[in-house]
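S.K.: First the structure, which I've put down as structure tokens, then a few questions once you've had a look.
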Amino acid sequence: MADVNYEIPEIQDEIETPRLKEGASAHLGPYPAQEKHMAPLGFPAARVEDWQSKGVEKLGELLKKYRSLQVYLDICVKCGACADKCHYYLGTRDPHNMPVQRAELMRGVYRRYFTPAGKLLPGVVRAHDFDEETLKKWVTYFHQCSQCRRCSVFCPYGIDTAEISMAAREIMDSIGVGHKYTTEIVGKVHTIGNNLGIPQPALKGTLEFLEEDMLDTSGHEIRLPLDQPGAEVLLVAPSADFFSEPHIQSLMGYAKVFHQAGISFTISSYASEAANFGMFIGSFDQKRKIAARIAKQARELGVKRLVVGECGHAWRVAYSFWNTLAGPWDFLDPNYPVPQHICEFTYDLYKKGALVFDRDANDDKVVTFHDSCNVARATRMGDRPGGQMMIPRELIRATCNRFVEMDPDTIGEKTFCCGGGGGLLTDELMELRVKGAMPRVTALKRVMEDKEVNFLGLICAICKAQFSKILPIYGIPMETVGGVHQLVSNAIQLGAKRGIV
């Protein structure tokens, strides 16, 4: 058990609605950004003098820009359907972590300045000023939302509290009240090309080391090419895949798939990051700049296809927004979707007979699968058969003999968040992350005890990082966590006769 000085939620037989505990997580909040984090992104380096009026002005701008935001602020009837659906409320018991109550922090300001009743009779309609007390609650509770959208699944009106949270963060950034973790990461992408700030020489050295490791363990010369012009595919992976366990196991799985299929690919040092933290701060401009790096490099390298690695929100931004942010992609091969998820890429090759798997290679594992929020709820892959809820499961079944689903009420679009998404994967919010993970850990422990599951398959870099840190606190070994392409890496038969690619 990790040495922590806060209460760890009790794992339950059934996830029950907890009793309210006002202010239970009011002491939690992100470290404020400094000038060196804010200025490179074009945000005020410190809180502006007229921040109240500027904040209200920004809210008005967003209401005009995003019609959905005003609809979400207008139509809530306080039915309570979302109240116990947030993992942070279930873990902290703080009523401000009920989605309806969190959104009310913005609704009160909206009513005060943008509705006739709020202007004339603010107390009657629960309108309130955008003042110091309100801003403090915004900073605290809009950074206790991972934008997972579980609440929207249960809302009878489909209100998307994540969009309200993103708008609140954009307003705070615009008045100089930013979050260090997210702004620092976006700045690293703009200057270096990835979230972790890995420079080109270090990235090159890491890839060469992994090539040597794969040669030693497999006997095959498997490449991880960097900045290779003329490659067919540009692979855009989350930067964690280059850096730490269990992420690098998935990266080696990607490389083995390309090697066995005989498809040339490259990684870009200029655009080595699939993740797009611009979404977490609600900034279209930041999202666009990050996506534009990928488009620029794809053109310069002359690739024909784009494949995104195992990262939940990276896939959401790529699938839902790349065309708007960085399109058109008319220089790519029209026979392949833009973008293509690595699981989709691998599954297609497997179905064509280009890959052969030995399920027995993973016989030490009884596997379950965690649906990542931004895949299960935010992207359905449109008309692509099965989507990203079916394809990873099919890859697990193709590479493992034993696969077990978790509780049906906690999978698919009802999946519980890992607790670390939405820009909250930072140490100052560790208590929140531990408590927010409780619902998912409850479902995981149940299937581990009932079905002897010992491996949690994932297709999201944030989920891997969160569970690797959080599960040991709950008494579950870190080795339980791994990517779907880690299973692929174990099972793939290199040198086996290929079908037609």
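Please treat every number below as a calculation from the coordinates, not as lab data. Since we're looking at a predicted model, the values are computed, not measured. Cβ sites come from the backbone with ideal geometry, for glycine too, and all protein chains shown count toward neighbours.
S.K.: In the structure shown, do any of Lys54/Lys289; Lys365/Lys451; Lys136/Lys289; Lys365/Lys445 have a Cα-Cα gap over 18 Å, and if so which?
M.R.: Values: Lys54/Lys289 24 Å; Lys365/Lys451 12 Å; Lys136/Lys289 30 Å; Lys365/Lys445 16 Å.
Where the Cα-Cα span goes over 18 Å, the pairs concerned are Lys54/Lys289; Lys136/Lys289.
S.K.: Right, next: Sort 253-265, 28-40, 305-317 for me by packing, meaning the mean count of neighbouring Cβ atoms within 10 Å per residue, highest on top. Could you put the intermediate results ahead of the total?
M.R.: Working: 253-265: 21.0, 28-40: 17.7, 305-317: 27.1.
Put in order of decreasing packing, that is 305-317, 253-265, 28-40.
S.K.: Moving on. Could you give the distance between the Cα centres of the stretch 49-98 and the stretch 231-281, to the whole Å?
M.R.: 35 Å
S.K.: Here's a follow-up. Need one word for the stretch 95-241: rounded, prolate or oblate. Basis is the Cα gyration tensor (sqrt eigenvalues a ≥ b ≥ c); a/c below 1.5 gives rounded, then a/b vs b/c decides. Don't jump to the answer; show the numbers that get you there.
M.R.: Values: a/c = 3.76, a/b = 2.72, b/c = 1.38.
Here the stretch 95-241 falls in the prolate category.
S.K.: Given a cut-off of 31 Å, name the pairs among Lys414/Lys497; Lys188/Lys256; Lys351/Lys435; Lys287/Lys414; Lys65/Lys204 whose C-alpha atoms lie farther apart than that in the structure shown.
M.R.: Values: Lys414/Lys497 40 Å; Lys188/Lys256 29 Å; Lys351/Lys435 41 Å; Lys287/Lys414 27 Å; Lys65/Lys204 42 Å.
Pairs exceeding the cut-off: Lys414/Lys497; Lys351/Lys435; Lys65/Lys204.
S.K.: For Arg102, what is the net charge nearby, where nearby means another residue's Cβ is under 15 Å from its Cβ and Lys, Arg count +1, Asp, Glu -1? Walk me through the numbers before you get to the answer.
M.R.: On the way: positive: Lys78, Lys85, Arg93, Arg107, Arg126, Lys136, Lys137, Arg149, Arg150, Arg169; negative: Glu22, Asp84, Asp94, Glu104, Asp160, Glu163.
In short, +4.
S.K.: Rounded to the nearest 5, what % of DSSP beta bridges with both residues in the chain are antiparallel? Write out the running numbers ahead of the final one.
M.R.: On the way: 2 of 18 bridges.
Taking every DSSP beta bridge with both residues in the chain, the antiparallel ones total about 10 percent.
S.K.: Taking the chain as the reference, fit the longest principal axis to its C-alpha atoms, fit the long axis of helix 51-65 to the helix C-alpha atoms, and give the angle between the two in degrees, 0 to 90, nearest 10.
M.R.: With both axes taken from Cα atoms, the answer is about 60 degrees.
S.K.: May I ask you to order 324-336, 392-404, 221-233 by the average number of other C-beta atoms within 10 Å around their residues, highest value first? Mind dumping the intermediate values first?
M.R.: On the way: 324-336: 13.4, 392-404: 20.4, 221-233: 16.2.
Ranking, from highest mean packing down: 392-404, 221-233, 324-336.
S.K.: Where does helix 180-191 land angle-wise versus the long Cα axis of the chain, in degrees 0 to 90, nearest 10?
M.R.: Orientation of helix 180-191: about 50 degrees from the principal axis.
S.K.: Let me ask something else. Order the peptides 110-120, 437-447, 79-89, 473-483 from the highest to the lowest mean number of other Cβ atoms within 10 Å of their residues. Kindly include the intermediate steps, with their values, before the conclusion.
M.R.: Values: 110-120: 16.5, 437-447: 22.7, 79-89: 20.9, 473-483: 18.3.
The densest-packed peptide leads the list: 437-447, 79-89, 473-483, 110-120.
S.K.: Something else about it: Would you list which aspartates and glutamates come within 19 Å of Lys469, measuring only between C-alpha atoms, while excluding same-chain residues fewer than 8 positions from it?
M.R.: Qualifying aspartates and glutamates at Cα under 19 Å: Asp3, Glu7, Glu10, Asp241, Glu245, Glu310, Asp371, Asp427, Glu428, Glu431, Glu479.
S.K.: If you don't mind, another one. If I fit a long axis through the Cα atoms of helix 342-352 and take the longest principal axis of the Cα atoms of the chain, what angle between them do I get, 0 to 90°, rounded to 10?
M.R.: With both axes taken from Cα atoms, the answer is about 40 degrees.
S.K.: If you work out Rg and Dmax of the Cα atoms in Å from the coordinates, which of (i) 22.7, 76; (ii) 59.3, 219; (iii) 20.7, 61 do you get?
M.R.: (i)
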